[in-house]
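Worksheet for the structure shown next.
The values are calculated or read from the model by the stated rules, or taken from the named source; none is laboratory data. Note that the coordinates shown come from a computational prediction; the quantities given were computed from them, not determined experimentally. Cβ: placed from backbone, ideal geometry, glycine included. Neighbour counts: every protein chain shown. What goes into the accessible areas is simple: the full protein's heavy atoms, side chains included, and nothing from ligands, DNA or RNA. Shrake-Rupley method; radii C 1.70, N 1.55, O 1.52, S 1.80 Å.
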Amino acid sequence: MRATAERAEPHSRKSIIHAVEQQVVTCEAELPLLEATQRMHSRHCSSIVVVEGKKPVGIWTEADTLKIDYSAPDAVLRPIRELMTPSLYTVDCSLTLDEAALEFKSRGIRHLVVVDDQGELFGILSQSDVVTRQDAEYFLNMTEIDSVLSGSMPPQMERHHVLADAVALMREHRTDSLIVIDQQEPIGLVTERDLVRLIAQGRMQSKLEEVMSSPLINVPCGMSLLAARALMERRQIRHLGVESRDGKLRGLISFADILANIEHTYVRRLRDALASRAADLQATEQSLHMAQALIEASMDGIMVTDEAGIIQSINPAFTILTGYSEAEALGQSASLISSGRHDSYFYTRMWEDISVKGAWQGEIWNKRKNGEIYPEWLTITRVRESHSSRTLYAGIFSDITERKKSEQLIESLAYYDPLTRLPNRQLLMDRLEVALASAHREGAQLAVMFLDLDNFKRINDSMGHSVGDKVLCIVAERLQACIREGDTVARLGGDELVILLTELDDLDEVHRTAQRVFDALQDSLNIDGMPLYISTSIGSAIYPVDGTDSEALLKNADTAMYRAKHAGRNGFRLYSAEMNDKSMHRLALENRLRTALHNDELLLEYQPKYSLLDGKIVGLEALLRWQDRELGRIPPDEFIPLAEELGLIGEIGAWVLHSAATQACRWQAQGLPAVQVSVNVSPQQLRQRDLETDVRYVLKSTGLVAELLDLEITESCVIEELDKVIDCLHRLRGIGVSISLDDFGTGFSSLSLLTRLPIDRLKIDRSFMTGIPGNPDNETLVSTILLMAHNLGFEVVAEGVETAAQRDFLTQHHCNQVQGYFYSRPLPATDIARLLAAE
């Protein structure tokens, strides 16, 4: 079936073209149901249109999920053509929103498929698309949930039942949702939207407790439909539990119930409008005068311009809203009331819409005659005069200043702390519930950090509450600078603050945030010209380890905070003892590593490289060590990645380079043989610093001959900004420095990369020496690397040589140099001097 209409084009009608969703999810008729639901789930949509070529032939919606046999595993493999609704009701773009609302009501359907003049798919229109485009706020605000709540409770089912049982009960009651209970207490919900998700994920045989949407969010029965709809849109849900005055669950309200209420209001209005339109077809002189009278009496401002944007007519409300009289406005450009707030891109998009769709609607800022800039809701409609070829543009607008003030005030009072402007407890709990639901679905972690300002009561008691308030405001501002986008800082009351960290990749982000907080509060607070110092104690609980609901997480974070306070204030604790020990150790390492270089706790040891031709020392690899004054020797594989993460490796790497070169010069000054010293270069060091500048400075300041310096890089150093790194290495080799490719074979090795890199030697990673001789795989790898390197003109150094048998194998395959415990462990500079002297 196809709905079209022959009708006049009064500018007061709103075409459905503004509401049609053109990014339609489609599929072919033979596509299995499983793949169709996966497409719907990935796009978060309620229907999928079945097409042949570009023409729609059927539709499958969320409501059809109740028709599936959930006990038959192969039901999802049936082609969609066997399950779709083939009797489509299609409409074209000339239909108005009012007429579309009547179609939904009279035919009892949720979706209209929109086609173009050739009958090809143009888009899809849902009930919610139509109604949310109508100005329904007044009706929703004047109507309480109680007035549309059904007299009967929706079906309920215990959590241990399987999904098939729930679907059967929903089908029996002809409802789109079911309440999941545990010992008669509601704990969650299963809806048609959930069924699409579960079919898509292949979880049709699951228990309700495993797949339900939880928790069930409840609202009081006296809440307005406007507030209920806003809550649903904000939480991205379509059902709310409704509580009676005594707090007991009375039933459910869905987005469809709200739509039905709006439809009822609009059906009455549409009947009047349709009757009026029938009368308009008679086009009597009396009706024309009446229409003019209505325009004159309208509370909305009306302005008509020609194609050049010159004002042709206005109504009295235009004068009231803008301050310009008819004499002042007629013949002027419509830019007379332009505020200058919008750029050319805004107006280009507006006129593109008018050109394509014939209308534009939206919020805009304009200017009154007295210079005041104000927000208005504007609808511009293109009107073609029937008796001439002239095109006019009719603008209808209303001042929404008070509405926006009210919305902002309500939002501010309900969800923000009036002193600090931080989110309050209510908004924090809302965001925490949403974050918990998301973390549950994605299997992710989140953290709740509870902060309490140390000795804040003393500030209030000794200096007054006004000073305390100023402290809270400054602290709130600094905390907001410590978090990532998407995280939350909230004030619960007093000096109790909470940070919500979502989408945690690892727990390191928790203690990094804590460290940022400590750093932010380290500087004094300027209160009326007086410096004031403040610290905080922080406790953190992690989902799901320390709790799976908001109450448990806040309680355990609070407990952890008190542990931090009792341990001496200005500290941080995790609720879990094991996690806390790991976190505290890492935090201690971070703090101490930041000062290790300046406290002379970093040192170098050197491991000799031996020639397999004559057994003499031909090089020394400088290896970084950390001897902390309190923690002792810290393993390199523990502190070097940490230095890279903290951005300290650039400065440390420059120190290693200078120290190694200085030591090489000292050995020569002692009359010892000159051997080449190798220094490892980190990928972060290459990105953070100018390596060439660092090397030239070291060579000049120490006097080391460039040929005695070898830089060891890894393949990861050159993966990013390959051309830039290659240019840098060419320049370094040009001054005599040699380049070694370290850990060869453990990264993204490729022959094309090797041929481009300006290197002198390859270093075979120690992992390849395991099991040699005797391990055929490693023997083949090592011998192949040696053959390839020599063919390319590279020397080869083998690391991790620990036995004579390994040495003999490498000698047999013509390896140039070796290093490892068979020859020598890494040694301090004094022991290296004795080795060199012995040679």
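Things worth noting here:
Okay, residues lined up against (1) touching a Gly at 6+ places or on another chain (Cβ under 7 Å); (2) open to solvent by 20 Å² or more (accessible area, probe 1.4 Å):
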{"position": "557", "(1), (2)": "yes, no"}
{"position": "568", "(1), (2)": "no, yes"}
{"position": "584", "(1), (2)": "no, yes"}
{"position": "587", "(1), (2)": "no, no"}
{"position": "596", "(1), (2)": "no, no"}
{"position": "617", "(1), (2)": "no, no"}
{"position": "621", "(1), (2)": "no, no"}
{"position": "635", "(1), (2)": "no, yes"}
{"position": "640", "(1), (2)": "no, yes"}
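- Taking (1) open to solvent by 40 Å² or more (accessible area, probe 1.4 Å); (2) in contact with a helix residue (DSSP H, G or I) (Cβ under 8 Å, 6 or more places away or on another chain); (3) closer than 23 Å to residue 706 by Cβ in turn, residue 654 satisfies each apart from (1).
- Within segment 502-541, tally of residues that are farther than 17 Å from residue 586 by Cα and buried (at least 23 other Cβ atoms within 10 Å of the Cβ): 3
- Residue ID - most open to solvent (accessible area, probe 1.4 Å), chosen from residues in segment 341-363 that are touching a residue at least 24 places away in the same chain (Cβ under 8 Å) and touching a Phe, Trp or Tyr at 6+ places or on another chain (Cβ under 9 Å): 341
- Test: residue 582 is outside any strand (DSSP E or B), at negative phi, among the charged types (D, E, K, R) and modelled with pLDDT under 85: yes
- Residue match in segment 525-533 (condition: under 26 Å from residue 647 (Cα atoms), out of contact with any Phe, Trp or Tyr (no Cβ under 8 Å at 6 or more places or on another chain) and of a type outside the set (Phe, Trp, Tyr)): no
- Test: residue in segment 749-758 that is free of Cβ contacts under 8 Å to residues at least 24 places away in the same chain and closer than 19 Å to residue 692 by Cα: no
- Only one entry of 82, 99, 144 meets the criterion of being surrounded by fewer than 18 Cβ atoms within 10 Å (Cβ to Cβ), modelled with pLDDT of 75 or more and more than 36 Å from the chain's Cα centre (by Cα), and that entry is 82.
- Taking segment 719-838 as the region of interest, none of the strands (runs of 3 or more DSSP E) fully inside it holds 1 or more residues being over 45 Å from the mean Cα position of the chain (by Cα) and among the basic types (Lys, Arg).
- Options 596, 622: the member that is among the aliphatic types (A, V, I, L, M) and at pLDDT 95 or above: 622
- Segment 786-801, subset out of contact with any Lys or Arg (no Cβ under 9 Å at 6 or more places or on another chain) and not aliphatic (A, V, I, L, M), residue most open to solvent (accessible area, probe 1.4 Å): 791
- Filtered residues of segment 331-348 (kept if outside any helix (DSSP H, G or I) and either over 33 Å from the mean Cα position of the chain (by Cα) or closer than 19 Å to residue 321 by Cα (or both)): 331, 332, 333, 338, 339, 340, 341
- Among the residues of segment 601-631, just one is among the small types (Gly, Ala, Ser) and either in a loop (DSSP other than H, G, I, E, B) or without any contact (Cβ under 8 Å) to a residue 40 or more places away in the chain (or both), namely 615.
- Residue pairs meeting the criteria (Cβ under 6 Å; at least 6 apart or on separate chains; first closer than 17 Å to residue 328 by Cα and open to solvent by 20 Å² or more (accessible area, probe 1.4 Å), in segment 366-380; second assigned to a loop (DSSP other than H, G, I, E, B) and aromatic (Phe, Trp, Tyr)): 369/324
- Checking each residue in segment 240-257 for being aliphatic (A, V, I, L, M) and open to solvent by less than 30 Å² (accessible area, probe 1.4 Å) picks out 240, 242, 252, 253.
- Taken across segment 478-489, residues that are of a type in the set (A, V, I, L, M, F, W, C) and over 25 Å from the mean Cα position of the chain (by Cα) do not occur at all.
- Candidate set: segment 359-389, residues that are among the small types (Gly, Ala, Ser) and modelled with pLDDT of 90 or more; chosen: the one nearest to residue 301 (Cα to Cα): 362
- Residue 805 vs. criteria small (Gly, Ala, Ser) and open to solvent by 30 Å² or more (accessible area, probe 1.4 Å): yes
- Residue match in segment 39-51 (condition: over 27 Å from residue 255 (Cα atoms) and surrounded by fewer than 20 Cβ atoms within 10 Å (Cβ to Cβ)): yes
- For segment 702-750, the set of residues classified as modelled with pLDDT of 90 or more, open to solvent by 60 Å² or more (accessible area, probe 1.4 Å) and either within 15 Å of residue 686 (Cα to Cα) or not acidic (Asp, Glu) (or both) consists of 705, 727, 730, 731, 733, 734, listed by residue number.
- Within segment 325-376, tally of residues that are touching a Lys or Arg at 6+ places or on another chain (Cβ under 6 Å) and farther than 22 Å from residue 312 by Cα: 2
Yes/no matrix, rows are residues, columns are (1) closer than 20 Å to residue 443 by Cα; (2) of a type in the set (Ser, Thr, Tyr); (3) modelled with pLDDT of 90 or more; (4) part of a strand (DSSP E or B):
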position	(1), (2), (3), (4)
157	no, no, yes, yes
170	no, no, yes, no
175	no, yes, no, no
178	no, no, yes, yes
222	no, no, no, no
229	no, no, no, no
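- Within segment 198-226, the residues that satisfy the criterion of being among the aliphatic types (A, V, I, L, M) and in contact (Cβ under 8 Å) with a residue 40 or more places away in the chain are 199, 200, 204, 208, 211, 212, 217, 219, 223, 225, 226.
- Flag if residue 487 is modelled with pLDDT under 95, surrounded by 15 or more Cβ atoms within 10 Å (Cβ to Cβ), under 22 Å from residue 417 (Cα atoms) and out of contact with any helix residue (DSSP H, G or I) (no Cβ under 6 Å at 6 or more places or on another chain): yes
- Hits in segment 406-439 (condition: open to solvent by 40 Å² or more (accessible area, probe 1.4 Å), free of Cβ contacts under 8 Å to residues at least 60 places away in the same chain and at negative phi): 406, 407, 408, 409, 410, 411, 413, 414, 416, 418, 426
- If the condition is being more than 15 Å from residue 477 (Cβ to Cβ) and in a helix (DSSP H, G or I), then segment 514-546 contributes 514, 515, 518.
- Condition check for residue 827: open to solvent by 20 Å² or more (accessible area, probe 1.4 Å) and under 20 Å from residue 617 (Cβ atoms): yes
- Verdict on residue 458 being among the basic types (Lys, Arg), at pLDDT below 90 and either within 24 Å of residue 552 (Cβ to Cβ) or out of contact with any His (no Cβ under 7 Å at 6 or more places or on another chain) (or both): yes
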